[in-house]
């Protein structure tokens, strides 16, 4: 489920022009409306301040954005605007600043009339303000291009989603059911390190709270959820397998809602009872939770669960996954996991299947079976580094077409092809410390540029493998 980010759109102007040519500003109204409408058409909520020229007006605009709980400020220089008028208000703003560097006219060549200078010279206002933001150590980014004859507004809206994702990441609340999988070291970081570095709250529990929640799920709720599943998915699992998974899943959903968690993780080995309310692993609910916009990762991995949740909020259609097998001949990588995949990221209607579960005495669960949406995607990994550091690894990839082997159709599966040779990609990924748990952001509009911007806004160093 894609969150709708809110932009504080800040038009900058020069008071001298109002003093000299008071009617001139009227000519900028259609330009401002074009930008606002394009951002709204791309799924953003836009709060547009009055045109600002002097320090008091900028302060009022920032207060308006704070009241609207905007995810970022986007500056738009209608003309030159002296940076010292805006800088104090912008330094007081706690969230990302995105500078939209654009103009009315696409062409300004030798045949251009001098009168068009007044409507196309905002770029040196951008340069003035960008310099001051950098000198003050204030994080910002710049997106440049012509307003309508380029992808600049679309690119800017992606960066806005990155700001929304960073905000979600910094307010993560993660539930861990069971301990982290014994011996897995790559994602194992102390919970207090996540709190200290990112402000995350991680609550670890055994299965007892979930058992209590499952025991109190009404039969009518189970029936209603089963009907919803039959509409949303192709249900191949038997009625009893489906029902027990829905039962446990609704208990988990209640636990997540009650704790206002934004992400969760579980160790499947913690589910070891063959009888009673908690007799199966809630793989199905893990998948549904991602489709609702929550984060998830397997094996007790709170770190990747936070990442999946943040990217899901910002960009939508994000799933937890693992790189399982290289296809050296096909120059691709097989993605899979035991039984968890975001059905909102699937290429076709997902199936609900019975999953063989030999690992504990728990009964076979129902799980999602599907392949990710074909086309461009972004693979992202949050890698712990030396001395308590973290870094984001981002890779643009292509999701290839689905499996042809009939037995593979009942599994979580997908193939991705990196943009550089497979051998080079795998070497660089591991040399950068990439873990075996990843997030896959699907959909053709999602760009590595935007996911990298998320890292910048979240204060995480980032490397893109191209």
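The values are calculated or read from the model by the stated rules, or taken from the named source; none is laboratory data. Being a predicted model, the structure only gives us computed values, none of them experimental. So basically every Cβ, Gly included, is an ideal-geometry build from the backbone, and we count neighbours across all protein chains shown.
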The lone condition residue 150 fails out of (1) more than 20 Å from the chain's Cα centre (by Cα); (2) in a helix (DSSP H, G or I); (3) surrounded by fewer than 20 Cβ atoms within 10 Å (Cβ to Cβ) is (2)
Among strands (runs of 3 or more DSSP E) entirely within the stretch 356-466, at least 3 residues that are touching a residue at least 40 places away in the same chain (Cβ under 8 Å) and more than 17 Å from the chain's Cα centre (by Cα) occur in 366-369, 414-418
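This table checks each residue for (1) under 27 Å from residue 196 (Cα atoms); (2) modelled with pLDDT under 95; (3) not assigned by TED's automatic domain parsing to the domain that holds residue 349.
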site	(1), (2), (3)
377	no, no, no
380	yes, no, no
385	yes, no, no
393	yes, no, no
404	no, yes, no
417	no, no, no
### Query
Within the stretch 264-271, is even one residue out of contact with any helix residue (DSSP H, G or I) (no Cβ under 8 Å at 6 or more places or on another chain), under 28 Å from residue 439 (Cβ atoms) and assigned to a loop (DSSP other than H, G, I, E, B)?
yes
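Quick grid of which residues meet (1) within 30 Å of residue 448 (Cβ to Cβ); (2) modelled with pLDDT of 95 or more; (3) under 21 Å from the mean Cα position of the chain (by Cα); (4) not assigned by TED's automatic domain parsing to the domain that holds residue 435:
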site	(1), (2), (3), (4)
246	no, yes, no, no
257	no, yes, yes, no
260	no, yes, yes, no
285	no, yes, yes, no
288	yes, yes, yes, no
307	yes, yes, yes, no
311	yes, yes, yes, no
If you go through 206, 223, 236, the only one that is farther than 30 Å from residue 100 by Cβ, without any contact (Cβ under 8 Å) to a residue 12 or more places away in the chain and either over 25 Å from the mean Cα position of the chain (by Cα) or surrounded by fewer than 20 Cβ atoms within 10 Å (Cβ to Cβ) (or both) is 223
If you go through 188, 195, 162, the only one that is assigned by TED's automatic domain parsing to the domain that holds residue 257, part of a helix (DSSP H, G or I) and closer than 30 Å to residue 289 by Cβ is 195
The condition from (1) under 13 Å from the mean Cα position of the chain (by Cα); (2) part of a loop (DSSP other than H, G, I, E, B) that residue 320 misses is numbered (2)
Condition check: in contact with a strand residue (DSSP E or B) (Cβ under 8 Å, 6 or more places away or on another chain), over 22 Å from residue 189 (Cα atoms) and either touching a residue at least 60 places away in the same chain (Cβ under 8 Å) or part of a helix (DSSP H, G or I) (or both). Does residue 334 satisfy that? yes
Of the listed residues (248, 217), the one being out of contact with any strand residue (DSSP E or B) (no Cβ under 9 Å at 6 or more places or on another chain) and buried (at least 23 other Cβ atoms within 10 Å of the Cβ) is 248
Original post:
Is there a residue being under 24 Å from residue 197 (Cα atoms) and either without any contact (Cβ under 8 Å) to a residue 60 or more places away in the chain or in a helix (DSSP H, G or I) (or both) anywhere in the stretch 282-289?
Top reply: no
Any hit, the stretch 18-31, residues being on the phi > 0 side of the Ramachandran plot and at pLDDT 95 or above: no
**Message:** Residue under question is residue 30, and the condition is that it be more than 31 Å from the chain's Cα centre (by Cα), assigned by TED's automatic domain parsing to the domain that holds residue 159, part of a loop (DSSP other than H, G, I, E, B) and under 21 Å from residue 79 (Cβ atoms); does it hold?
**Reply:** no
Note on the stretch 1-23: residues part of a helix (DSSP H, G or I) and surrounded by fewer than 16 Cβ atoms within 10 Å (Cβ to Cβ) are 15, 16, 18, 19, 20
In this structure, does residue 126 turn out to be in a loop (DSSP other than H, G, I, E, B), in contact (Cβ under 8 Å) with a residue 12 or more places away in the chain, in contact with a strand residue (DSSP E or B) (Cβ under 6 Å, 6 or more places away or on another chain) and surrounded by 15 or more Cβ atoms within 10 Å (Cβ to Cβ)? no
### Task
Might you check whether a residue that is under 26 Å from the mean Cα position of the chain (by Cα), at positive phi and either assigned to a loop (DSSP other than H, G, I, E, B) or crowded, with 18+ Cβ neighbours inside 10 Å (or both) occurs anywhere in the stretch 90-106?
no
Here the residues within the stretch 42-57 that are surrounded by 23 or more Cβ atoms within 10 Å (Cβ to Cβ) and not in a loop (DSSP other than H, G, I, E, B) are 52
